[in-house]
Amino acid sequence: RGASLSGRVVDEDGRPVPEAKVLVSSGDESPFRLVMRAMSGDPGAAIRSGADGTFSASRLPPGENQRLTVQHPDYEKGTLGGLSLVAGGTRTGAVVTLRLGLVVTGSVKDLEGSPIAGVEVALSQSRVVRSSSGGRMMQMSFGGVSEIAPAKSGPDGRFELKGVPAGDFALTAKAPGWATET
């Protein structure tokens, strides 16, 4: 028998966050497996919060150490872990608080300073890796699926990326007919 879960998504001031994407997964589930479940139509893979911030999910796999991951384009990703879901049971009152994310803005221009429209701009995690013995350092950007939706530059070359958490990122700009820049 499946389990049920309901709760609410709010911002730091306690106001409801509508249209947040709520994902329910087991604590040991890989991100790849979660994406595959979402594509298959699994009921626990993609739920949206309502206008009052509430969400409800049923027919979820029961188990210990379940995790709620909540995403909204204007906010940093929120996670609530360690949930126990009992077969045939209902868990209520889960609250996930989202922090308003940072906004990255800029413009894309060619070498002459003219704006370029329609350029896809995306952020990827950038990590510094240090050796424990020799003090060597290397910076790497991890591409792939990002939690931050990419943006397209407008007619004036400007772009805006919302919901960015604090941290180190690499920004990549690419468009057909142009070299990709990072």
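Every number in this text was worked out from the coordinates using simple rules, so none of it is lab data. These figures come from a predicted structure and were not determined experimentally. Quick reminder, even Gly has a Cβ in these numbers, built from the backbone with ideal geometry, and neighbours come from all protein chains shown.
For SER107 and ASP52, the difference between the fully extended length at 0.36 nm per residue and the C-alpha to C-alpha distance is 16.2 nm.
Assuming R0 = 25 Å, can you tell me the calculated FRET efficiency for the pair ASP168 and SER6, based on Cβ-Cβ distance, to the nearest 0.05? Intermediate results must be reported in sequence, preceding the final value.
Details: r = 36 Å, r/R0 = 1.46.
Given R0 = 25 Å and the Cβ-Cβ separation, E is 0.10.
Rounded to the nearest 0.05, the FRET efficiency derived from the C-beta distance between ARG15 and TRP178 at R0 = 45 Å is 0.65.
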